[in-house]
Amino acid sequence: MSEQQTEANGAPRDLVISARGLARHYGKSIAVDSIDFGIARGEVFGLLGPNGAGKTTTILMMLGLTEISSGEVSVLGFDPAREPLKVKQRVGYLPDAVGFYDQLTATENLAYTAKLMGLARAERAARIEAALARVGLAEVAEKRVGTFSRGMRQRLGLAEIIMKRAEIAILDEPTSGLDPQATQEFLGLIRELKAEGVTVLLSSHMLDQVQRVCDRVALFRGGRIVLLGTVPELAVRVLGAGFVVEVEAEGPGIARRLAMIPGVTQVETLAADRFRMTAERDVRPDAARAVVAGDGALRRLSVDEPSLETIYARYFQAQPTGDVRHAA
Amino acid sequence: MRREGSPFRGLSTVFVKELSDHVSSIRMLVLELLIVSTALAALYEAISSLRQNTAEDPFLLLRLFTIDQAPLPSFVAILGFLIPLMAIGLGFDAVNSEHNRRTMSRILAQPIYRDALLMGKFLAALATIGISLTALWLLVIGLGLIFLGVPPGGEEIARSAVFLIVAIFYAGVWLSLAMLLSTVFRSAATAALVALGIWLFLTVLWPMLAPALAQAIAPADPRYALLGLNDPATAVWTQELLRLSPNDLFGEAMLAVLSPTTRALGPVFLDQLRGAVMGAPLPFGESIMIAWPQTVGLVAGTIILFAFSYVLFQRQEVRA
């Protein structure tokens, strides 16, 4: 029973989470300051921002685990403040640095949460086995979690969400502290979840990872969402342009021809035969056409996709963090 | 604003998990060994002194609980001292360990309320203590049968069963206190130290401090002192102050229930005893009446302390 909302692009979207004016105050300090966002079904949504920017508080409010000071949020059509059990039945949560009972085995840990979820005995065993196999922990299912590495614990946490058959998976800093290979594996698992139609909310500092898996991102700062959209959209807003294309070509008046392409905002001449264009869209085909039309010899066309890292760095450079933030 | 669903959903799951954790934990094993070995030593002394005068006493089984043979205190006194230790041992890290292991938010993200988690933990620890005390109680009765050779009467069993129930509530007070401290303090070590400090204060220091305080509040009338008597006002104050300690409540209730000749727990004037057959045992119901206020005090203490930790826990932030 998600509401239908028409986005700016005109396509109706099936929103699973929508927040309006959501805020959380601790006394006088403000952890989350009136934020609005909507997340569509099947989307991978990234929450970015420095520590203490309000990401985890937002997540906890969506789960009904912390009070909402003002505003409202609806998760799968339910109000987490009034109907937390219905929300928590359908949403899987992997907390930041998730912990397990070290003296219990992986299976026993999952069995405990499965019981809390209210799964029937017969279904429990089957689901636990399947979930552990999915995340590659089948061989250590009967080992104590105390012996597990950080990466294995994170995967076990994901197994819990898979076992729950959650419609929404909320992952708080799931890859922090993992080695590159474990991170790759984990991101692969997130993509698998997405392929199954699970909506994924991912909070992270690891910008390149977020960029690799997320459809849209929200940038938090001082309790507010300061930027929201797809990475190219953000690039246009922050960097002024989305694409930087480098052209290596020989021929007369190439710089002038390139500058005439619609959407190009700037052309720099780096060397006699090298030019850097800044554009709002991917102008490589037009650039190629322009060079060839002018009898030029095109040697190389390369595009720098805007990296989230650049956007992030530029944004925080432009607006120094002068405001006081209160870590919750 | 009313929340949907039952606050007790998941209670039995938490209860079973915590109970199995407690029963299989090394901590519990150590506490059990401590209590059983001390209690057995006290019982051994009691039995060896009782074997001298078996025929004379109508409440032989109850004597096993209350007789003290220097240097060892009686079985009940030892339990009065050690039950708090056991309860603190089971409760001091109930809530903060979930935070420290970072399991709290994961568990609370499951479809249960916090009520179920706290209540399940409390009931599981209380059940663990209940099981150990019941085992100990059966041990006493069994040893009494074997070494004294006198089968206990119905009233003796009833009185000792009341002992068991009051002892469980006495453990409940300390358990609630320990869980309250585990909610207040994020560090388990701090919670344990504070709990043990309160325990030592109430069992060792308070019995010394209470009379001094009573003297300060109600100074003894010199006329009583001249007669070599205690001022009743000071005596009453002393007792009221002592009763602030659950140890004293437990001790008094046990005195009333396990020593059937106990007629009153407070100071008594001689004229109030006129017509009383001294040394004659009171009926079971009358003894219960004497122990009733103390028992209610222990139950109330358990509930109040639990309510405090409940409110604190509900308002606590999930994240560390």
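The values are calculated or read from the model by the stated rules, or taken from the named source; none is laboratory data. Since this is a predicted model, take the numbers as computed values, not measurements. Cβ placement follows ideal geometry from the backbone for every residue including glycine, while neighbour counts extend to all protein chains displayed.
Points to keep in mind about this one:
- The criterion of at least 1 residues that are crowded, with 21+ Cβ neighbours inside 10 Å and not β-branched (Val, Ile, Thr) is met, among strands (runs of 3 or more DSSP E) falling completely within the range A:14-113, by A:29-40, A:44-48, A:91-94.
Here is a yes/no grid of residues against (1) within 30 Å of B:Ser20 (Cβ to Cβ); (2) of a type in the set (A, V, I, L, M):
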position	(1), (2)
B:Ile141	yes, yes
B:Leu148	no, yes
B:Ala167	yes, yes
B:Ser176	yes, no
B:Val194	yes, yes
B:Trp206	no, no
B:Ala212	no, yes
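- Condition met for A:Gly188 (among the small types (Gly, Ala, Ser), under 33 Å from the mean Cα position of the chain (by Cα) and at pLDDT 85 or above): yes
- Residues in the range B:178-213 that are within 29 Å of B:Val236 (Cβ to Cβ) and touching a Leu at 6+ places or on another chain (Cβ under 6 Å): 2 in all.
- Residue in the range A:104-121 that is touching a Pro at 6+ places or on another chain (Cβ under 9 Å), within 14 Å of another protein chain (Cβ to nearest Cβ) and among the small types (Gly, Ala, Ser) present: yes
- Screening the range B:1-108 for helices (runs of 4 or more DSSP H) wholly inside it with 1 or more residues that are without any contact (Cβ under 8 Å) to a residue 40 or more places away in the chain, more than 10 Å from chain A (Cβ to nearest Cβ) and of a type in the set (D, E, K, R) returns the ranges B:26-50, B:60-66.
- Selection count, the range B:112-157, where residues are charged (D, E, K, R) and either assigned to a loop (DSSP other than H, G, I, E, B) or farther than 15 Å from B:Leu62 by Cβ (or both): 3
- A:Ala126 passes every criterion in (1) under 29 Å from A:Val75 (Cβ atoms); (2) more than 12 Å from chain B (Cβ to nearest Cβ); (3) buried (at least 17 other Cβ atoms within 10 Å of the Cβ) apart from (3).
- Any hit, the range A:266-277, residues being in a loop (DSSP other than H, G, I, E, B), among the charged types (D, E, K, R) and surrounded by 15 or more Cβ atoms within 10 Å (Cβ to Cβ): yes
- Flag if B:Thr261 is over 30 Å from B:Arg106 (Cβ atoms), among the β-branched types (Val, Ile, Thr), out of contact with any helix residue (DSSP H, G or I) (no Cβ under 8 Å at 6 or more places or on another chain) and surrounded by 12 or more Cβ atoms within 10 Å (Cβ to Cβ): yes
- Test for B:Ala41: is it out of contact with any Asp or Glu (no Cβ under 9 Å at 6 or more places or on another chain) and at pLDDT below 85: no
Listed here are the residues, each with its yes/no results for (1) under 25 Å from A:Arg90 (Cα atoms); (2) of a type in the set (A, V, I, L, M, F, W, C); (3) at pLDDT below 95.
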{"site": "A:Met117", "(1), (2), (3)": "yes, yes, yes"}
{"site": "A:Ala120", "(1), (2), (3)": "yes, yes, yes"}
{"site": "A:Glu123", "(1), (2), (3)": "yes, no, yes"}
{"site": "A:Val135", "(1), (2), (3)": "yes, yes, yes"}
{"site": "A:Ala138", "(1), (2), (3)": "yes, yes, yes"}
{"site": "A:Arg150", "(1), (2), (3)": "no, no, yes"}
{"site": "A:Arg155", "(1), (2), (3)": "yes, no, yes"}
{"site": "A:Asp179", "(1), (2), (3)": "no, no, yes"}
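- A:Gly177 meets the stated requirement of being outside any helix (DSSP H, G or I), within 14 Å of another protein chain (Cβ to nearest Cβ) and more than 24 Å from B:Ile112 (Cβ to Cβ).
- Condition check for A:Leu137: crowded, with 20+ Cβ neighbours inside 10 Å, more than 14 Å from every other protein chain (Cβ to nearest Cβ) and over 27 Å from B:Pro7 (Cα atoms): yes
- On the stretch given as the range A:125-148, residues that are among the small types (Gly, Ala, Ser), in a helix (DSSP H, G or I) and touching an Asp or Glu at 6+ places or on another chain (Cβ under 8 Å) total 3.
- So A:Arg155, is it surrounded by 18 or more Cβ atoms within 10 Å (Cβ to Cβ) and either outside any helix (DSSP H, G or I) or more than 11 Å from every other protein chain (Cβ to nearest Cβ) (or both): yes
- When the criteria are applied in full, B:Leu213 fails the requirement of being at pLDDT below 90 and more than 30 Å from B:Ala125 (Cα to Cα).
- Complete set of residues in the range B:244-254 that are surrounded by 15 or more Cβ atoms within 10 Å (Cβ to Cβ) and free of Cβ contacts under 8 Å to residues at least 60 places away in the same chain: B:Ser245, B:Asp248, B:Glu252
- Residue list for the range B:184-228, restricted to those being over 26 Å from B:Leu133 (Cα atoms) and surrounded by 19 or more Cβ atoms within 10 Å (Cβ to Cβ): B:Phe185, B:Ala210, B:Ala214
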